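This report concerns only the one structure given below.
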Amino acid sequence: MSILIYTESENNEFKKSALEALSYGKALGEKMGENVTCLSINSNNFNSLKQHGADRIIDIQNQSLEKFIVKNYAEVIHQIVISESIKTIILSSSANSKYLGAYLSGKLESAYMSNVIELPSEINPFLVKRTCYTNKAFSTTEIKSEIKIISVSSNSFGIIENVTDPDIKKIDVEIKSSDLKIKKIDKQTGAVTIADADIVVSGGRGLKGPENWHLIEKLANLLGAATACSKPVSDLGWRPHSEHVGQTGKPVASNLYIAIGISGAIQHLAGINSSKVKVVINNDPEAPFFKAADYGIVGDAFEVVPELIQKLEARNNNN
Ligand SMILES: Cc1cc2nc3c(=O)[nH]c(=O)nc-3n(C[C@H](O)[C@H](O)[C@H](O)COP(=O)(O)OP(=O)(O)OC[C@H]3O[C@@H](n4cnc5c(N)ncnc54)[C@H](O)[C@@H]3O)c2cc1C
């Protein structure tokens, strides 16, 4: 018996969240006495899967899967689950995998647990710990269905090195033409994606206008960080919608989240609660973000950020 991990990739590289899902699946497999099979779609660089515990790789190359259409991806996973008698499916916590989990759950009539943060405390009954209420609480839930679908919350389990020499099996899949068509993809512009970033530098309306975004970009660049923004900033067209984080935007689970000129409304905080360390820079000491932050600087962003940039540049020049 095998646990199936859907390992998402982009530009022929497996995402950090996919490697975390694989690390989780490998540890779960050891607990359940099962091996792990990675499902790779339209990728052929398997090095990172070999570094992180893959026992088998199912390699699918198919042009119809070039763009993520949930129905097509669910169809592929459904075919594999049936042909390989899979009972446990592990997904990462990406936006695409969340759609996939819900869709598969209906298709396979199985329970789907998202935001799982630990290995099951028990296998029989199968008890998983997950976050709920936008990370404000935990729940321990029993999965009773025969097929179980789990998505692993980003940065909860970590990526564990485990070198393997997996069998690679090429599979052809048949995909019926979809009634869904993707017209446009609005891609994040920064070099580091929000989902994969260890550090995120985010700006709000306090930055006054898009002409000042060079400060956010410069700071992000020096820190190797992704850039993000609050909802009004993307609504105003200062930044692309792909950078909007929060309840109605992207979730952030970085190790460090730096919020500049962002008030800290609950809808914004809902999306960044999983970040480990939160830093706020705001000129209003009463801004709600200070209550949620680990560190805060009360000050004008237009003075504080250039100073931070200067300090980081000086540090880099000294190294
Ligand atoms: C249903 C719903 C869903 C929503 N979803 C989201 C969401 O997903 N994400 C999201 O972000 N918002 C969301 N919102 C909007 C949210 O309620 C807030 O309005 C929004 O987060 C505020 O954005 P902001 O902090 O950038 O702007 P503002 O509230 O205008 O705050 C700007 C901040 O910048 C500070 N500031 C001003 N000048 C400076 C300066 N020179 N230096 C330093 N600081 C300065 C101010 O003190 C202030 O705290 C949602 C709202 C609703 C109703």
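Residues whose amide H lies under 5 Å from that of Ser274, counting only those 5 or more places away or on a different chain, are Val252; hydrogens are built 1.01 Å from N in the peptide plane.
The alpha-carbon of Lys67 sits under 13 angstrom from the alpha-carbons of these aspartates and glutamates, leaving out residues fewer than 8 places away in its chain: Glu8, Glu10, Asp186. Per-residue 3J(HN,Hα) values for segment 241-253, derived from phi via the Karplus relation 6.51 cos²θ - 1.76 cosθ + 1.60 with θ = phi - 60°, read 4, 5, 9, 6, 10, x, 4, 9, x, 7, x, 10, 10 Hz in sequence order (x marks Gly and Pro).
Relative to the longest principal axis of the Cα atoms of the chain, the long axis of helix 70-83 lies at roughly 30 degrees.
On a C-alpha basis, how far is the centre of segment 262-281 from the centre of segment 191-212 in Å? Whole number, if you could? For segment 262-281 versus segment 191-212, the Cα centre distance is 13 Å. Where only DSSP H runs of four or more residues are counted, the chain gives -9000 deg cm²/dmol as its mean residue ellipticity at 222 nm, each run worth -39500 (n - 2.57).
Using the alpha-carbon atoms, what tilt in degrees (0 to 90, nearest 10) does helix 213-223 show relative to the longest principal axis of the chain? The angle comes out at about 60 degrees.
Amide H to amide H, with H built 1.01 Å from N, Ile297 comes under 5 Å of Val280, Ile281, Asn282, counting only residues 5 or more places away or on other chains. Database remark: amide H of Phe138 closer than 5 angstrom to the amide H of Cys132 (H placed geometrically; neighbours at sequence offset of 5 or more, or on other chains; Pro and chain starts carry no H). Does anyone have the angle between helix 301-318 and the longest principal axis of the chain? Alpha-carbon axes, 0 to 90°, nearest 10? Orientation of helix 301-318: about 70 degrees from the principal axis. Using the Karplus relation 6.51 cos²θ - 1.76 cosθ + 1.60 with θ = phi - 60°, the per-residue 3J(HN,Hα) values for segment 37-49 come to 10, 8, 9, 10, 10, 6, 9, 9, 10, 8, 3, 5, 5 Hz, with x marking Gly and Pro. Residues in segment 20-36 carry Karplus couplings, in order, of 5, 4, 5, 4, 5, x, 5, 5, 5, x, 5, 5, 9, x, 10, 8, 10 Hz; the curve used is 6.51 cos²θ - 1.76 cosθ + 1.60 with θ = phi - 60°, and Gly or Pro positions show x.
At full extension, Lys170 and Ser64 could sit 36.5 nm farther apart than now, given 0.36 nm per residue minus the alpha carbon distance. Taking square-rooted eigenvalues a ≥ b ≥ c of the alpha carbon gyration tensor, is segment 87-145 rounded, prolate or oblate, where a/c under 1.5 means rounded and, failing that, a/b exceeding b/c means prolate? Taking the square roots of the gyration eigenvalues as a ≥ b ≥ c, segment 87-145 is oblate.
Find out how many positive minus negative residues lie around Asp59, taking Lys and Arg as positive, Asp and Glu as negative, among other residues whose Cβ is under 9 Å from that of Asp59. Don't skip to the end; give the middle numbers.
Values: positive: Lys169, Lys170; negative: none.
With Lys, Arg at +1 and Asp, Glu at -1, the net is +2.
Among the listed pairs Lys148/Lys169; Lys181/Lys218; Lys129/Lys276; Lys144/Lys183; Lys181/Lys276; Lys16/Lys184, give every one whose C-alpha distance is greater than 29 Å.
Values: Lys148/Lys169 23 Å; Lys181/Lys218 37 Å; Lys129/Lys276 19 Å; Lys144/Lys183 39 Å; Lys181/Lys276 37 Å; Lys16/Lys184 25 Å.
From Lys148/Lys169; Lys181/Lys218; Lys129/Lys276; Lys144/Lys183; Lys181/Lys276; Lys16/Lys184, over 29 Å: Lys181/Lys218; Lys144/Lys183; Lys181/Lys276.
Can you bin segment 199-318 into rounded, prolate or oblate? Criterion: square roots of the alpha carbon gyration tensor eigenvalues sorted a ≥ b ≥ c, rounded for a/c under 1.5, prolate for a/b above b/c, oblate for the rest.
Details: a/c = 1.39, a/b = 1.30, b/c = 1.07.
Taking the square roots of the gyration eigenvalues as a ≥ b ≥ c, segment 199-318 is rounded.
A short reminder: the numbers here are calculations on the coordinates, not readings from a lab. Remember, predicted model here, so these are calculated numbers, not experimental data. Glycine also receives a Cβ, built like all others from the backbone with ideal geometry; neighbour counts cover every protein chain displayed.
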